[in-house]
Amino acid sequence: MSRAMYFVDETGVGQYNNLKEKGYFNSILSSSSVLSIQTDSIILVQNRFRYYGKQKIDRRSATITRSIITEGELIDIPRSENNSHGVLITNWKTIENKDLSNVSKKHLLRIGKPPFSKNLKMSFFLTWQGLMAI
């Protein structure tokens with residue numbers, strides 16, 4: 001993340017710091033969540049842009065899909081070792097960050113005879129996800 005801060009001005013750094021203070025990044029790491037971003041479109045008019053995309057957060061308990069819309073301005077700056085593109089994002093803000101879906105993952109419980117023992121009349125088997133939820 002520190003390398004990404006070379007591409008934004010104080011508006012982007014401020015949003016990053018707010019998320020960090022709220023524990024967003026620690027929450028993602030501690031829950032072993034997998035995040036992915038899918039770009040829908042980017043509109044660029046002169047030096048202003050608007051980004052439309054979806055964020056998917058895959059957790060053990062649920063999969064959340066969010067709509068993400070951000071906007072800002074692009075300013076040419078001299079290329080450097082830290083910013084090889086020579087572009088700085090300024091006045092960056094999040095326009096929309098809302099949940100589109102929140103699908104719970106059901107923990108399956110399977111009842112039956114275990115395949116490894118004929119002596120037990122009935123056993124309970126939890127799926128790996130069910131076991132992890134305990």
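Okay, residues lined up against (1) at pLDDT 95 or above; (2) within 14 Å of Asn102 (Cα to Cα):
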| site | (1), (2) |
| --- | --- |
| Ser31 | no, no |
| Ser36 | no, no |
| Asp58 | no, yes |
| Ala62 | no, yes |
| Ile69 | yes, no |
| Ser84 | no, no |
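Residue check, Phe124 against (1) aromatic (Phe, Trp, Tyr); (2) open to solvent by 50 Å² or more (accessible area, probe 1.4 Å); (3) modelled with pLDDT of 85 or more, all met but one. Which one?
Unmet for Phe124, out of (1) aromatic (Phe, Trp, Tyr); (2) open to solvent by 50 Å² or more (accessible area, probe 1.4 Å); (3) modelled with pLDDT of 85 or more: (3).
Could you tell me which residue of segment 1-19 is least open to solvent (accessible area, probe 1.4 Å), considering only residues that are part of a helix (DSSP H, G or I) and within 10 Å of Thr90 (Cβ to Cβ)?
Going through the qualifying residues, I end up with Gly12.
Checking the condition in contact (Cβ under 8 Å) with a residue 12 or more places away in the chain and open to solvent by less than 70 Å² (accessible area, probe 1.4 Å), which residue from Ile95, Ile89 passes?
Going through Ile95, Ile89 in turn, just one is in contact (Cβ under 8 Å) with a residue 12 or more places away in the chain and open to solvent by less than 70 Å² (accessible area, probe 1.4 Å): Ile89.
Kindly provide the set of residues from segment 6-15 that are within 16 Å of Asp76 (Cα to Cα) and touching a Phe, Trp or Tyr at 6+ places or on another chain (Cβ under 8 Å), ordered by number.
Val8, Asp9
Of the residues that make up segment 23-46, is at least one under 24 Å from Leu88 (Cα atoms), assigned to a strand (DSSP E or B), charged (D, E, K, R) and open to solvent by 90 Å² or more (accessible area, probe 1.4 Å)?
no
Just need a number here: residues in segment 62-83 that are among the hydroxyl-bearing types (Ser, Thr, Tyr) and exposed (fewer than 14 other Cβ atoms within 10 Å of the Cβ). So that I can check it myself, show each step before the final result.
From segment 62-83, those among the hydroxyl-bearing types (Ser, Thr, Tyr) are 63, 65, 67, 70, 80; that's our starting set.
Among the residues that remain, those that are also exposed (fewer than 14 other Cβ atoms within 10 Å of the Cβ) are: 80.
Counting residues in segment 62-83 that are among the hydroxyl-bearing types (Ser, Thr, Tyr) and exposed (fewer than 14 other Cβ atoms within 10 Å of the Cβ) gives 1.
The values are calculated or read from the model by the stated rules, or taken from the named source; none is laboratory data. Every value quoted in this text rests on a predicted model; they were computed, and no experiment measured them. No Cβ is skipped: glycine too gets one built from the backbone with ideal geometry, and neighbour counts run over all protein chains shown. Accessible surface is based on the protein model in full, side chains and every heavy atom, while ligands, DNA and RNA are left aside. Shrake-Rupley method; radii C 1.70, N 1.55, O 1.52, S 1.80 Å.
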